[in-house]
Amino acid sequence: MTKSEVAAVLEEIGTLLELKGENPFKIRAYVNAARAIETFGGNISDLQDEEALGKIPGIGKSIALKIKELAATGSLKYLQELRAEFPAAILELFSISGLGAKKIKALYEKLQISSIEQLLKACETGRVAELPGFGETTQAKICKAIEERTRHSGYFQFGQIAHEAETLRSDFAAHPDALHTEVAGSYRRRKEIVHDVDLLVATKKPETITKFFVGHSLVESVIAQGPTKSSVRLRSGVQCDLRVVSTAEYPFALAYFTGNKEHNIELRSRALKRGWTLNEYRLAPLPVDAKAKKKKPANKIPKVRDEADLYRAVDLDFIPPELRENWGEFEAAEKNAIPKLIEKENLRGTFHCHTLASDGHNSLEEMAEAAQALGLEYLGIADHSRSQIQAHGIDEKKLFAQVAAIRKLNKKFDGFRLFAGVECDILRDGSLDFPDEILSQLDFVVASVHSALGLSEAEMTGRMVRAMENPFVTMLAHPTGRLLLKRESYQIIIPAILDAAARTGTWIELNAAPKRLDLDWRWWPMAKQKGVKCVINPDAHRAERLQDLWFGIGIARKGWLTKTDVMNCLPLGKIEHALRAKRER
DNA sequence: GCCGTTTTCGGCCCGACTGTTTTCAGTCG
């Protein structure tokens, strides 16, 4: 049983308790515990170790016992009993926006509705509108939400909505009444998956800004519109919320809406400890009445002009938005230990790009030109190897023709260089698609898995470790193989992969393609600790997709990486040596 | 159900918007 499976069970218990109308704080305890176990970074090798579980903040005696039972027997009596009280399909009703536990409970008790299909039927026959607390409008909204749900999941890859988000940002930035503009929320934290866009604007003319927003050409429909908050659906299908505040409120709102939730709770609790209350508008003294007798006089409230002032007010260094996940950033900010995160400008080159030779859409020359236009000093070409039939994998002959073409082109460049490589398939047994004699003639080798994806955890891990043990394999590409919102990771033991990478001197790719963003940011602190080096690659199949590097930078920052952790921050003069280091060991 | 540099009992983040109400409950973030 994995941590996330345990978290899913706790989450489900929370939902079922909500349906039962249980004490809201008990419900929150389960939801919190689910989050706690999922995000817990430390070692819990044994989920049956009740004592260790209980030490995780948010998990107490009762929940620790339940986790233990779950880990030991694979099931949980308490959950079985809860499930027995409701039809199984009822949980899917929670995926409809606008429906929460109270409404679902009413639908179930009054109309015996327990599935989306039944709900749609009841809406169409007008029975929902007749329920107390519901009405014609609510019924129509439910119909629309069901329709929306079938059109898209409500979750988007960061890259799918980045263009709209940036367009809105720049359009507001150019608006004369918008004094400050930022896209906050999970977008600003550079989460790989976002489900809405949070736009924040400081202004003296809220009505004008709101009007401009709901009338924007990217807006498909308006969901809600009030004096300080409006919500719309954009053309891509993503929901976008606008918050309008004053300039004085802006830094508080920016921090508040950048989140995440756990980060905000910690920030507020730090304010409370200093005798203040923090919300999205201001830092204010605590109300004097409540249990104030023993209390020492509240500290003077400092002036806050930007986010850095706010963090300073609670005795913290500034925390970059990407780190605001309550994932160790508070401890680091207290000890002046927030690293100087990598920036886009630090990247000097990149590897793992495709050309017309395999399944890319541009020539060597076009890829090189695009790389130079981005200010890069070098670009590594790595087309697919021969066994990738569907991706037009190249054979030995084509590969050497490309190497020759690259060597020839390099004579023309000034201050720029192409490196000749290959994206070599890792075969089922961990051997490589080309023999060492061929690989040794290349500047670098990207190794990756594209076949036999269903191997067991032990087999898949062993396969990758064996590939990394090859001295000519410079880097391991998209290590988990996940396709965001589409395909889960292969079954692999990532710490074992990282250990092998550290031992063999193999770089691990941070694949910057927005559908991958693999290796995931959550693993990079561990990778770094083990001494593993990162390489940020776009896996570009078109020249313009080299720009995906920007997504990779966001994830690298989110993974606490600095420029010294990322090999392709090395300048041209040093990267060549670094590429040879492993094979010369 | 969890938690404690205010507390082992009594809190637990809280504000915005909508729709159905006629002062508020429900949902969301």
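Of the listed requirements (1) assigned to a helix (DSSP H, G or I); (2) touching a residue at least 40 places away in the same chain (Cβ under 8 Å); (3) in contact with a helix residue (DSSP H, G or I) (Cβ under 7 Å, 6 or more places away or on another chain); (4) not small (Gly, Ala, Ser), A:Leu99 misses just one: (1). The helices (runs of 4 or more DSSP H) found wholly in the stretch A:1-91 and carrying at least 2 residues that are free of Cβ contacts under 8 Å to residues at least 12 places away in the same chain and within 30 Å of A:Gln112 (Cβ to Cβ) occupy A:24-39, A:77-83.
Filter the stretch A:171-190 down to the residues that are free of Cβ contacts under 8 Å to residues at least 40 places away in the same chain and closer than 18 Å to A:Ser236 by Cα, then identify the one that is nearest to DNA strand B (Cβ to nearest atom). Top of the filtered list is A:Tyr187. Within the stretch A:474-490, is even one residue β-branched (Val, Ile, Thr) and surrounded by 24 or more Cβ atoms within 10 Å (Cβ to Cβ)? Taking every residue of the stretch A:474-490 in turn, at least one turns out to be β-branched (Val, Ile, Thr) and surrounded by 24 or more Cβ atoms within 10 Å (Cβ to Cβ). Got at least one residue in the stretch A:549-567 being in contact (Cβ under 8 Å) with a residue 12 or more places away in the chain, of a type outside the set (Val, Ile, Thr), in a loop (DSSP other than H, G, I, E, B) and farther than 19 Å from A:Glu343 by Cα? The answer is no, given that none of the residues of the stretch A:549-567 is in contact (Cβ under 8 Å) with a residue 12 or more places away in the chain, of a type outside the set (Val, Ile, Thr), in a loop (DSSP other than H, G, I, E, B) and farther than 19 Å from A:Glu343 by Cα. Give just the number: which of (1) assigned to a helix (DSSP H, G or I); (2) under 19 Å from A:Val222 (Cα atoms); (3) within 16 Å of DNA strand B (Cβ to nearest atom) does A:Ala122 not satisfy? For A:Ala122, the failing item is (2). On inspection, A:Val201 passes the criterion of being farther than 24 Å from A:Leu484 by Cα, among the aliphatic types (A, V, I, L, M) and within 14 Å of DNA strand B (Cβ to nearest atom).
The condition (being assigned by TED's automatic domain parsing to the domain that holds A:Glu469, among the basic types (Lys, Arg) and at pLDDT below 95) is satisfied by just one residue among A:Arg417, A:Arg386: A:Arg386.
Taking the criterion of being in a helix (DSSP H, G or I), without any contact (Cβ under 8 Å) to a residue 24 or more places away in the chain and among the charged types (D, E, K, R), the only residue of the stretch A:473-531 that qualifies is A:Arg503.
Checking the stretch A:260-270 against the condition returns no match, with no residue being out of contact with any Ser or Thr (no Cβ under 6 Å at 6 or more places or on another chain) and within 19 Å of A:Thr167 (Cβ to Cβ).
Screening the candidates A:Phe158, A:Phe86 for the property of being at pLDDT 90 or above, buried (at least 16 other Cβ atoms within 10 Å of the Cβ), farther than 30 Å from A:Ala512 by Cα and away from DNA strand B (no atom under 13 Å from the Cβ) yields one hit, A:Phe86.
When you check A:Gly154 against the structure, is it more than 16 Å from the chain's Cα centre (by Cα) and at positive phi, yes or no? Answer is no for this residue. Within the stretch A:110-160, the set of residues being among the hydrophobic types (A, V, I, L, M, F, W, C), over 15 Å from A:Ser97 (Cα atoms) and in contact (Cβ under 8 Å) with a residue 40 or more places away in the chain comprises A:Phe156, A:Phe158.
In the set (1) at pLDDT below 95; (2) in a helix (DSSP H, G or I), the condition left unmet by A:Arg585 is number (2).
Just so you know, in the stretch A:235-267 the residues that are of a type in the set (A, V, I, L, M, F, W, C) and surrounded by fewer than 17 Cβ atoms within 10 Å (Cβ to Cβ) include one that is nearest to the chain's Cα centre (by Cα), and it is A:Ile265. Out of A:Val194, A:Val222, A:Val232, one residue alone is without any contact (Cβ under 8 Å) to a residue 12 or more places away in the chain and either crowded, with 17+ Cβ neighbours inside 10 Å or within 12 Å of DNA strand B (Cβ to nearest atom) (or both). It is A:Val222.
The values are calculated or read from the model by the stated rules, or taken from the named source; none is laboratory data. Just so it is clear, the structure is predicted and the values come from calculations on it, not from any experiment. Positions of Cβ are generated from backbone atoms using ideal geometry, with glycine treated the same way; all protein chains shown enter the neighbour counts.
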